[in-house]
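Visitor: Okay, handing you the structure first.
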């Protein structure tokens with residue numbers, strides 16, 4: 001069994017860690033800034049509700065200073081811009097992702113930089 005935290009548990013851990021030193025990260029205040037009901041956020045954190053949609057996850061990520069793609073992935077979701085890329089070239093993207101599976105993060109970042117800079 002995995003020791004990884006669920007989306008809700010991760011969200012709660014990040015929020016409560018910030019709340020320890022900053023009272024503006026109470027559940028109620030974060031929910032208000034994100035534009036959702038505090039009871040809904042509480043249920044998400046406790047795993048009683050599934051993760052919210054992409055826009056709410058993005059707002060939560062911004063609020064907590066987290067990477068939105070990482071939170072989306074933890075929620076089992078893919079960013080709409082990435083989904084568009086996958087739909088345009090599903091076979092190539094799948095091949096690329098499978099090839100990168102065993103690579104270190106450092107190697108993947110290096111390849112990404114090479115592609116972005118046109119140096120390949």
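The values are calculated or read from the model by the stated rules, or taken from the named source; none is laboratory data. Treat the numbers as computed from the prediction; the structure is a model and nothing was measured. Backbone-built Cβ (ideal geometry, glycine too); neighbour counts: all protein chains shown.
Visitor: Residues to consider are 32, 54; find the one that is more than 30 Å from residue 105 (Cα to Cα) and out of contact with any strand residue (DSSP E or B) (no Cβ under 6 Å at 6 or more places or on another chain). If you could, list the steps in order and put the result at the bottom.
Guide: Working: 54 fails: more than 30 Å from residue 105 (Cα to Cα).
Exactly one residue qualifies, and that residue is 32.
Visitor: With respect to residue 36, is the statement that it is closer than 11 Å to residue 11 by Cβ, surrounded by 15 or more Cβ atoms within 10 Å (Cβ to Cβ) and at pLDDT 95 or above true?
Guide: no
Visitor: Among the residues of segment 100-110, count how many are surrounded by fewer than 11 Cβ atoms within 10 Å (Cβ to Cβ) and in a helix (DSSP H, G or I).
Guide: The number of residues fulfilling the criteria is 2.
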